[in-house]
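Below is one structure, written out as structure tokens; the observations come after it.
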Amino acid sequence: MANEDDEKSRGNGSGEPASGPKDEAERQATVEDLITELEKKLETSEQAAAELTDRWKRTAADFENFKRRTKKELDEGQQRGREHVIKELLPVLDNLERALKHATAEDPLAAGVRMVEKQLVSALEKFGVTRFSAVGQPFDPSLHDAIQQVESTELAAGTVAQEFASGYMSSGRLLRPAMVAVAKSPVEPAGANGGGGE
């Protein structure tokens, strides 16, 4: 009997008392609790990772949209700046054209003005600026600025009869409308319809 007591006191040989089925069940429960706790932590971590990934994707998309929007705004700002400068140059071109209309063909100064006008038109064309003619075209309020009406028997009513300043387009956008006179039907004199009253 002393041997049995000695074995109980020695346990499993490691100095610990021998474990029974109750101790084994407790250890098993502790391991299962630990596994459950780790699974919960893993699930929480995966949710946090998914949220961070979603946030990162949204931030990346927002940044791409920001870059696109900024580039578009920059391009539009540059276009507006170019158009502003070009609009300031158009009256100079108009005045050169007026000077040439009143100059004689033999005038050497007119030849110089013609060269300057040609150079200015060429420079504007490099920036996508094109001149358009309105004479003989139907009046279009989106392209023409009517400053007067003239009676005409040769042109249909609503047709551009005369152009005072050319219109200009820049990369498909209207830069300046053409300033024009629009034809209208002549007014008949009051007695022309035979209404004598006698």
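Please treat every number below as a calculation from the coordinates, not as lab data. As the structure is a prediction and not an experimental result, all values here were calculated from the model. Using ideal geometry, Cβ is built from the backbone for each residue, glycine included, and neighbour counts are taken over all protein chains shown.
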Going residue by residue through region 25-41, the Karplus relation 6.51 cos²θ - 1.76 cosθ + 1.60 with θ = phi - 60° gives ³J(HN,Hα) values, rounded to whole Hz and with x marking Gly or Pro, of 5, 5, 4, 4, 5, 5, 5, 5, 4, 4, 4, 4, 5, 5, 5, 5, 5
Within the under-12-Å Cβ sphere about ARG131, not counting ARG131, Lys/Arg +1 and Asp/Glu -1 give a net charge of -4
The local net charge around GLN149, scoring Lys/Arg +1 and Asp/Glu -1 for residues other than GLN149 whose Cβ lies under 15 Å from its Cβ, equals -3
Residue span THR44 to ASP62: 0.36 nm per residue of separation minus Cα-Cα distance leaves a gain in nm of 3.8 nm
Final fewest-first order of ARG69, ARG114 on the 10 Å Cβ neighbour count is ARG69, ARG114
Lys pairs in region 32-127 with Cα under 28 Å (8 or more apart in sequence, or on separate chains) total 15
So ILE35 and ALA103, fully extended at 0.36 nm per residue minus their Cα-Cα distance, gain in nm 14.4 nm
